[in-house]
Amino acid sequence: MIDLLIAGADNDLVVTTGDLTLVEASDQINQAIRQALGTFFGEWFLNNTVGVPYFQQIFVPSPNLDLVQANLLNAIQNVPGVVQIQSFAFDYGASNRSLDVSISVMTTNGQTIPVATTVGVASPTNT
């Protein structure tokens, strides 16, 4: 698959010498996973059923961590190109309402790719 490359803390489109930059293969899957994890439920105006229920179930007082894990795994498994989640870890920061996620996935072409991202209410960042 091919997609437009987004980068930076603001997830801006990348323009190189006046042209939009494309991303493909494992880099595209990595980007798609970070986008899936960074989309809040109800955020996208074209389909308000898409996204992770951060405000509804995760960034709440005393969240159910099993439910948090299930929501994150579901978002990752629904990304095209992901065949299997090989490793998964998350760290919930209750004080600053943030979530650090580190995973490793097997793709349809047999590659294993690592993905790490932080989702937060104030300032989400991706790596």
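Laboratory data are not the source of any read-out in this text; all were calculated from the coordinates shown. Keep in mind that what you see is a predicted model, and the values were worked out from it rather than measured. In this analysis, Cβ positions are derived from the backbone assuming ideal geometry, glycine residues included, and neighbour counts consider all displayed protein chains.
So, residue 85, is that one in contact (Cβ under 8 Å) with a residue 40 or more places away in the chain, within 16 Å of residue 103 (Cβ to Cβ) and not in a loop (DSSP other than H, G, I, E, B) or not? If you could, list the steps in order and put the result at the bottom.
Working: in contact (Cβ under 8 Å) with a residue 40 or more places away in the chain: no; within 16 Å of residue 103 (Cβ to Cβ): yes; not in a loop (DSSP other than H, G, I, E, B): yes.
So residue 85 does not fit the description; no.
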**Asked** Quick one: which of 71, 64, 30 is of a type outside the set (D, E, K, R), touching a residue at least 60 places away in the same chain (Cβ under 8 Å) and out of contact with any Lys or Arg (no Cβ under 7 Å at 6 or more places or on another chain)?
**Response** 30
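Would you be able to say whether some residue in region 51-59 is in a loop (DSSP other than H, G, I, E, B), touching a helix residue (DSSP H, G or I) at 6+ places or on another chain (Cβ under 7 Å) and either touching a residue at least 12 places away in the same chain (Cβ under 8 Å) or acidic (Asp, Glu) (or both)?
To start, the set of residues in region 51-59 that are in a loop (DSSP other than H, G, I, E, B) comprises 51, 53, 59.
So of that shortlist, the ones also touching a helix residue (DSSP H, G or I) at 6+ places or on another chain (Cβ under 7 Å) come out as 53.
Within this subset, residues satisfying the condition of being either touching a residue at least 12 places away in the same chain (Cβ under 8 Å) or acidic (Asp, Glu) (or both) are 53.
There is at least one residue in region 51-59 that is in a loop (DSSP other than H, G, I, E, B), touching a helix residue (DSSP H, G or I) at 6+ places or on another chain (Cβ under 7 Å) and either touching a residue at least 12 places away in the same chain (Cβ under 8 Å) or acidic (Asp, Glu) (or both).
Among the residues of region 2-18, is any of a type in the set (S, T, N, Q), surrounded by 11 or more Cβ atoms within 10 Å (Cβ to Cβ), under 22 Å from residue 106 (Cα atoms) and touching a residue at least 12 places away in the same chain (Cβ under 8 Å)? Quick ask: steps written out before the conclusion?
Looking only at region 2-18, we keep the residues that are of a type in the set (S, T, N, Q), and these are 11, 16-17.
Okay, now just the ones that are also surrounded by 11 or more Cβ atoms within 10 Å (Cβ to Cβ), so 11.
Pick out the ones that are also under 22 Å from residue 106 (Cα atoms) and you get none.
No, every residue in region 2-18 fails to be of a type in the set (S, T, N, Q), surrounded by 11 or more Cβ atoms within 10 Å (Cβ to Cβ), under 22 Å from residue 106 (Cα atoms) and touching a residue at least 12 places away in the same chain (Cβ under 8 Å).
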**Asked** Of the residues in region 42-63, how many are surrounded by 12 or more Cβ atoms within 10 Å (Cβ to Cβ) and not acidic (Asp, Glu)?
**Response** 14
